[in-house]
Amino acid sequence: MVKNELKIGTVLSMLTIIMSSLIQIIYTPLYMRYLGPADYGINSLVQSIMGYISILNLGLGNTMLRYTVRYRTEGKLEEEKSLNGMFLLIFSILMTLAIVIGSYIYINIETFFGERFTTIELQKTKMVFIILSLNVILSFPLTIFSTNIASKEKFIYQRGLKLLTMILNPIVGALLMINGFGLISVTLSTLFFAITSYFFDIAYAIKLGMRIRFSRFDTHILKEIFTYSFFIFLNVLIDQIYWGTDRVIIGKYIGVTGVAVYSVGAIFNTLYTGFASAIAGVLFPRINRLIVEGRHTEIDELFLKVGRLQYILLGLISSGFVLFGKDFITLWVGKEYVEAYRIALWIMIPLTVPLIQSIGVSIMQAKNMHQFRSVVYLIIAFLNLGMSIFLVKKYGAIGCAIATGISFILGQIIIMNIYYKVVVGLDIIRFWKNIFKMSIPIGITMLFGIVLNTYLNNVDYLNFIIKTGIYTILYSILIWIMALNDYEKSQIPILKLLDKIKK
């Protein structure tokens, strides 16, 4: 039964990634058309602010999952009930803190954004802030129910509900927009689906036997819990500084239209990261098994193997976006958002390196060397923050993207590759030799792509489909001939399917 849960849950996760990408591509131009760039910018800005309030959960959701599974495995059912009560109390305290901080932010929205926002934009920002704040605040105590369900490995329910909500929410939002309802109504529909999901989680958790007891708390374990959560919280904080602060800075110094343009560019990097994670996620269980079994000689080989596999796909996406991204944005949301192309490039190209080396994070965690990475990322996150404020005043929205790109190059490429080589002991020289060799056919394909752009220079759907289709075919042929080894060729899904049919 657990195996079926895992298999079906994995399929649902893959569908969620695919649907998330499709929804963003389809939903964004609808949002722009019916609500306008100002409302799109307001929504993106408030979502970023919500990210800061959300980090108050301190990474305790994952921590609760860890200890719940431990107690259940050890048969400590009464202790598990007390653990649920203790976490509910902790999350309730954090919820109260979130209300206080949210109230302070709400009171100061006009002070912070008043210079660049119109009166109507400020009013809408406040309303959206109230609605989304309610969603975040409710999520604190109700996290314990979804976490309890996850601890029982009910993947079909959780991932199925997530997929269903992900599909229905934008459909309802689109219907509201098309029928003349505004930003507030669309935001309220998001809150409705969130509350509905919370209700189902509570009911299902209770059905599975979840119980809560507010007594016999193990105070000794509190220190262990917060110690374990610290680096999780630190990573969440760093991510928020990286990906959430830019919109706030742009909102303050440029306005909601600048936020809208930047958010369009940021969408591509969200999708880009999602594709990379999907590849790595398939092989992570094997990494953990090698680490547990102490087969460290194979870890370096796996670091290279996964990096090459990721680069095959990311090389196609990034090189294709360099050549045809501007056309896509023009056809997708309009030529007035063409600056989003440069914004996406400044983040996408440097981001490629940490993505193809993402397995290194698991290796560091297994060797208990991940603290250095957290400290480095925290430092460059604040460096990114300082540079963003300086550059946005000088260059506009793209200044934030430039700051993020430079931070990636300094921290996640230069410093971390030195650390991988000197301290972690990975063969980084060999890794980059492989990546360089794989880049040769990509470079040749890009030269042909430039020729395609020269002769098919009209920006229309037909030319775009022809260019990207030819480019993808040529990329696949050259990568196959000049870059792939036997193992990588064996991983091509269509060939694996044909091999099974032959058998």
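The values are calculated or read from the model by the stated rules, or taken from the named source; none is laboratory data. Since this is a predicted model, take the numbers as computed values, not measurements. Glycine also receives a Cβ, built like all others from the backbone with ideal geometry; neighbour counts cover every protein chain displayed.
Computed quantities for the displayed model
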{"quantity": "Any chance Ile144 is in the same structural domain as Tyr198 (by TED's automatic domain parsing), within 27 Å of Gly41 (Cα to Cα) and surrounded by 14 or more Cβ atoms within 10 Å (Cβ to Cβ)", "calculated": "no"}
{"quantity": "Filter pass, Ser439 being hydroxyl-bearing (Ser, Thr, Tyr), at pLDDT 90 or above, under 21 Å from the mean Cα position of the chain (by Cα) and surrounded by 14 or more Cβ atoms within 10 Å (Cβ to Cβ)", "calculated": "no"}
{"quantity": "Which listed residue, of Ile8, Ile26, is on the phi < 0 side of the Ramachandran plot, in the same structural domain as Ile178 (by TED's automatic domain parsing), modelled with pLDDT under 75 and not hydroxyl-bearing (Ser, Thr, Tyr)", "calculated": "Ile8"}
{"quantity": "Qualifying residue in segment 57-67 (condition: in a helix (DSSP H, G or I), within 30 Å of Val256 (Cβ to Cβ) and in contact (Cβ under 8 Å) with a residue 12 or more places away in the chain)", "calculated": "yes"}
{"quantity": "So Met387, is it touching a residue at least 12 places away in the same chain (Cβ under 8 Å) and farther than 24 Å from Ser362 by Cα", "calculated": "yes"}
{"quantity": "Residue that is nearest to Leu208 (Cα to Cα), among those in segment 76-94 that are polar (S, T, N, Q) and buried (at least 16 other Cβ atoms within 10 Å of the Cβ)", "calculated": "Asn84"}
{"quantity": "Residue within segment 95-103 that is surrounded by fewer than 16 Cβ atoms within 10 Å (Cβ to Cβ), modelled with pLDDT of 85 or more and of a type in the set (Ser, Thr, Tyr) present", "calculated": "yes"}
{"quantity": "Out of Ser374, Ser388, Ser439, sole residue that is under 28 Å from Lys489 (Cα atoms) and among the polar types (S, T, N, Q)", "calculated": "Ser439"}
{"quantity": "Search result, residues across segment 313-337 that are over 13 Å from Tyr471 (Cα atoms) and hydroxyl-bearing (Ser, Thr, Tyr)", "calculated": "Thr330, Tyr337"}
{"quantity": "Filter result for Arg66 (over 29 Å from the mean Cα position of the chain (by Cα) and not assigned by TED's automatic domain parsing to the domain that holds Val248)", "calculated": "no"}
{"quantity": "Unmet criterion (only one of (1) free of Cβ contacts under 8 Å to residues at least 40 places away in the same chain; (2) buried (at least 20 other Cβ atoms within 10 Å of the Cβ)) for Thr73", "calculated": "(2)"}
{"quantity": "Close pairs (8 angstrom Cβ cut-off, 6 or more residues apart or separate chains): under 11 Å from Val376 (Cα atoms) in segment 404-420, small (Gly, Ala, Ser) anywhere", "calculated": "Ser407/Ala381; Met416/Gly360"}
{"quantity": "Within segment 113-141, considering residues that are polar (S, T, N, Q) and under 28 Å from the mean Cα position of the chain (by Cα), the one surrounded by the most Cβ atoms within 10 Å (Cβ to Cβ)", "calculated": "Thr125"}
{"quantity": "Considering residues of segment 214-254 that are in contact (Cβ under 8 Å) with a residue 60 or more places away in the chain and among the charged types (D, E, K, R) only, the residue surrounded by the fewest Cβ atoms within 10 Å (Cβ to Cβ)", "calculated": "Arg216"}
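One line per residue, one yes/no per condition, for (1) closer than 30 Å to Pro29 by Cα; (2) assigned to a helix (DSSP H, G or I); (3) not assigned by TED's automatic domain parsing to the domain that holds Ile202:
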| position | (1), (2), (3) |
| --- | --- |
| Ile99 | no, yes, no |
| Thr111 | no, yes, no |
| Glu153 | no, no, no |
| Ile156 | no, yes, no |
| Leu161 | yes, yes, no |
| Gly173 | yes, yes, no |
| Met177 | yes, yes, no |
| Phe181 | yes, no, no |
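A quick yes/no check of all residues on (1) in contact with a helix residue (DSSP H, G or I) (Cβ under 7 Å, 6 or more places away or on another chain); (2) buried (at least 19 other Cβ atoms within 10 Å of the Cβ); (3) in a helix (DSSP H, G or I); (4) of a type in the set (Ser, Thr, Tyr):
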{"site": "Ser362", "(1), (2), (3), (4)": "yes, yes, yes, yes"}
{"site": "Phe372", "(1), (2), (3), (4)": "yes, no, yes, no"}
{"site": "Ile398", "(1), (2), (3), (4)": "yes, yes, yes, no"}
{"site": "Ala401", "(1), (2), (3), (4)": "yes, yes, yes, no"}
{"site": "Met416", "(1), (2), (3), (4)": "yes, yes, yes, no"}
{"site": "Val422", "(1), (2), (3), (4)": "no, no, yes, no"}
{"site": "Trp432", "(1), (2), (3), (4)": "no, no, yes, no"}
